[in-house]
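Peer 1: This structure is in structure tokens; I'll ask about it shortly.
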Amino acid sequence: MTESTPARTKQTVNPPNLSKPSGFAHGTKVGDTVYLGGQTAMGADGAIVPGGIVEQFRQAFSNVIATLEHAGGTASDLVEVTIYLTDIPDYQAHGREIGRIWRELAGSDYPAMAGIGTTALWQPEALIEIKGVAVIGSAAAAAS
């Protein structure tokens, strides 16, 4: 590292309103970049919220946003989102509802995204897991 290069420290990001992590971090911040760990529809009590994919999307994405906000960012700072699904046709069938929830929580600015089908997630009752990357301040830079 040269004298002109600022030191980048790694900070663990664990919002107090999310379930207490064990063996993982909800997020990691390095400089202005926040790596958002995979979030399922786990409520603060550690249980997956009841209901189907729409309710689980709302909780999982809310967990992602809560982690990002705890790191000092906003939803508009998201630059990449990956969604893991155990039932892609179910997600697609509820796309309009899920889209409304996205816009409610994050607005209509969409980052690079991927949807990936998988046979199972860590919690057997989880239907969805969402992870992402954000660059704090990127929304302000894009607006100028």
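Peer 1: Using 0.36 nm times the number of residues separating Glu97 and Thr119, minus their current alpha carbon distance, what extension gain do you get? Can you show the working numbers first?
Peer 2: Details: separation 22, 0.36 × 22 = 7.92 nm, distance 2.34 nm.
Extra length from Glu97 to Thr119 when fully extended: 5.6 nm.
Peer 1: Taking Lys29 as the anchor, which aspartates and glutamates have their alpha carbon closer than 19 Å to its alpha carbon, excluding any fewer than eight residues away along the same chain?
Peer 2: Straight-distance partners of Lys29: Glu69, Asp77, Glu80.
Peer 1: Would you work out what percent of the accessible area of the chain, with all protein chains in place, is carbon or sulfur (probe 1.4 Å)? Intermediate values should be presented prior to the final figure.
Peer 2: Values: 4180 of 8000 Å².
That fraction is 52 percent.
Peer 1: I would also like to ask the following. Calculate, axis by axis, the spread of Cα positions in the chain along the three principal axes, and write the results as whole Å, longest axis first.
Peer 2: Principal extents (Cα only, largest first): 52, 36, 25 Å.
Peer 1: Given Cβ point charges of +1 (Lys, Arg) and -1 (Asp, Glu) and nothing else, what value in debye, to the nearest 20, does the dipole of the chain about its Cα centre take?
Peer 2: Values: 9 positive and 14 negative charges, 42 e Å.
Roughly 200 debye for the chain.
Peer 1: Counting only other residues whose beta carbon sits under 13 Å from that of Glu125, what net charge do I get with K and R as +1, D and E as -1? It would help to have the intermediate numbers written out before the result.
Peer 2: Numbers: positive: none; negative: Glu55, Asp87, Glu129.
After counting each charged neighbour, the total is -3.
The values are calculated or read from the model by the stated rules, or taken from the named source; none is laboratory data. Quantities reported herein were computed from a predicted structural model and do not represent experimental measurements. Glycine also receives a Cβ, built like all others from the backbone with ideal geometry; neighbour counts cover every protein chain displayed. Remember, those area values only see protein heavy atoms, side chains included, never the ligands or the DNA or RNA. Shrake-Rupley method; radii C 1.70, N 1.55, O 1.52, S 1.80 Å.
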